[in-house]
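Have a look at the structure below, then the notes.
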Amino acid sequence: MPSIPDPVPHASIHHTFSIREIQYHIFEYLRDGFGTEGFRSLARLARTSTLFKEAALDILWRELVTIVPFIKVMPEDLWTVVSSREDDYETHTIQFTRSLEPTDWDRFDYYAPRILSLGLPYTPLFQYFQYGFNFIQIHESVLEGFCAYRPVHPLFKNLRTLCVKLQTAYTTRFFAFLLNPSIVSLFIMVYVTILLAEELPRLLFLIPHHCPNIQDFTPFFLNAPLPQSVSALERLTVSLSHLRKLFVTVPLSADVLCQIGNLPELRELLVQLSSEGSTQEARDIFLSTDDRFSELRVFHLRAHHLGHVTQAMSSLQRPLTELYIEVKESDDSSTLSTFATFARVFLQHPCASSLVKLHLNVTTVGFEDEDVVSAFRPLLAVYNMSAFRVVSQCVLELDNAFIADAAKAWPRLENLTLLPSPLPEASTRLKMTLSGLIPLIRHCPDLNFLQVSIVADPFEPSLLLPKMFNMNITSLHFTHAHIDKPLAVFRCLVCMFPKLQEVTVLGSSGDWETLSSLIRESSNDIWPILRSEL
């Protein structure tokens, strides 16, 4: 981003626009609502008046995904861009042409204090893509030059959010110079190499000393870390006493998980239980005695056995608002009775009144013609449910009666996703029909997302009461569906969902393509005519 010259003096304008908070609201709307043109307008606005200059620049520089723009505001004789091409990629590398001098930092220091957020999760901080396959990257000598010239001063003193990928030795060294006490949110993506494995424990040791006020911490490992790195991560985690959100994607020891439970401000947690732990250990870790996990409200739990999840939830007697469970594949797949035991936990749990979002990824649960509906029924006790998502093969056994009961039990439901995984064969018998969705329209007025597997048979119009339709849903998603009469089904769908614009079906047949074409071609005002014909 090029530097902006001093603006011309402003003309007389209403005093309201001199209030900085109002300026921020206007400029944020301009930035967020108009894409690239919004940024260009902000840059032009910064040039028009001394009154708007500071606020416009604050918004322009508040959030950056890369440090490339900071190199470009430094003197033009300091850096150059070297281009090269390999296959379909054209690479532009920023390099220094001379040594750094004190005056080179003037423009850098002018813009750097405005940065509050730097980087994006899962995105390299030292390069960014532009114009399709072309991308700009920073040569390692540039980063080494920064580190050598300013060995003790943080580069961005007001930085609050930092996302960085650590993969090479020079990016790791530069990362240390980005750390400062103002950071409250830190995302680290690590690809462990032999050299990085030796450097990582030392780097993790620096974080609590330079960033003691971290509230949101996510260490994400792209490959398995070495034991010494896990030990360093554990020491780091328990030392961050102000944590409110912690996402750890590698298994931690039971003792460390117990210490995490003592963090007084922790509200959101993602942890993964070790495959070698016992069910008793899972119960002991999350035993919510005294003040342990007292403020926890959003819980993401990954495990290898559903029985471990059941024991953890039985011990964690806290009023969670969101719960995300993922059971990974193991040698002994869970049975439906194991799932039923898990579901019964909610009958006498604080979550029955507090939980609003429940996501279950339990692909290992087998059912083999067992009573799936009865196994799911205890979950209806969670009466404030707004989002219910289940990824499991057994959802194919849920029928119209269960959907009717769920619609009555969850009047605040906004999102219903029943995703079979792995995807079934085309000949698989389904139990849910199109008419089975009618209770959702009748009892769940806020429903705005629906993804199920159905038999799409048209139904009698008398089943729809007057003024019974859903005006929120514009797109329906069927993961597995049978259809024989696309025109008749189309008439039913547009009466149920007047704003419907799209229907997606995995592995859709010609009949579904016909129905999708009818929906795309229909206008929003056609539904009253179709309804009167029905």
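Every read-out reported here was derived from the displayed coordinates using simple, explicitly stated rules and does not represent laboratory data. Predicted model, so just to flag it, every value in this text is computed and none were measured. For neighbour counting, all protein chains shown are included, and Cβ atoms are generated from backbone atoms with ideal geometry for every residue, glycine included.
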What is the chain's relative contact order, in percent, from Cα pairs under 8 angstrom and six or more apart in sequence? 6
Report the full-extension gain for the segment TYR110 to LEU506: residue separation times 0.36 nm, less the Cα-Cα distance, to one decimal in nm. 137.3 nm
Long-range share for the chain, i.e. C-alpha pairs more than 41 Å apart as a percent of all pairs, stands at 41
Give the calculated FRET efficiency between ASN262 and ALA176 to the nearest 0.05, with a Förster radius of 25 Å applied to their Cβ-Cβ distance. 0.30
Given H placed on each backbone N at 1.01 Å, which residues far from HIS482 in sequence or on other chains put an amide H within less than 5 Å of it? ILE454, VAL455, ALA456
Given Cβ charges of +1 for Lys and Arg and -1 for Asp and Glu, the option among LEU233, MET432, LEU380 whose Cα lies farthest towards the positive end of the dipole of the chain is LEU380
Given +1 on the Cβ of Lys and Arg, -1 on the Cβ of Asp and Glu, and no further charges, what dipole in debye does the chain carry about its Cα centre, rounded to the nearest 20? 1400
Along the charge dipole of the chain, Cβ charges K/R +1 and D/E -1, which of TRP61, SER314, ASN400 sits furthest on the positive end? TRP61
Charge dipole of the chain built from unit charges on the beta carbon (Lys, Arg +1; Asp, Glu -1), centred at mean Cα; most positive-end Cα among LEU51, SER294, ASN213 is LEU51
Alpha carbon centroid spacing (whole Å) that separates segment 197-270 from segment 407-444: 40
Pseudo-spin-label distance ASN472 to THR16, built 7 Å along Cα→Cβ, given in nm, is 3.4
In nm, give the distance between the simple-model label positions of HIS209 and SER49, each being 7 Å from the Cα along the Cα-to-Cβ direction. 4.9
Long-range amide H partners of PHE220 with built H, under 5 Å: ILE188, MET189, VAL190
At 0.36 nm per residue, minus the direct Cα-Cα distance, what do ILE26 and SER278 gain on full extension? Give it in nm, one decimal, please. 85.2 nm
Per-residue HN-Hα couplings for segment 304-316 [Karplus 6.51, -1.76, 1.60; θ = phi - 60°; Hz; x = Gly/Pro]: 9, 9, 5, x, 5, 5, 4, 5, 4, 5, 5, 7, 7
Modelled label-to-label distance, ARG85 and GLN451, 7 Å Cα→beta-carbon offset: nm? 4.0
Among the GluC sites (Glu not before Pro) within segment 9-103, which fall in a DSSP loop and have no more than 11 other Cβ atoms within 10 Å of their own Cβ? GLU76
Note, segment 256-270: 3J(HN,Hα) by Karplus (6.51, -1.76, 1.60, θ = phi - 60°), whole Hz, Gly/Pro = x, goes 5, 4, 5, 5, 4, x, 8, 5, x, 10, 5, 10, 9, 9, 10
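Need the full-extension length gain, ASP405 to GLU425, defined as separation in residues times 0.36 nm minus the C-alpha distance. One decimal, nm.
4.4 nm
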Please give the charge dipole size of segment 192-346, origin at the Cα centre, charges +1 on K and R Cβ atoms and -1 on D and E Cβ atoms. Round to the nearest 20 debye. 340
Here segment 176-184 yields Karplus 3J(HN,Hα) values (6.51, -1.76, 1.60; θ = phi - 60°; whole Hz; Gly and Pro given as x) of 4, 7, 8, 6, 6, x, 6, 6, 10
Efficiency by 1/(1 + (r/R0)^6): what FRET value for ASP371 and LEU347, r their Cβ-Cβ distance, R0 = 25 Å, to the nearest 0.05? 0.90
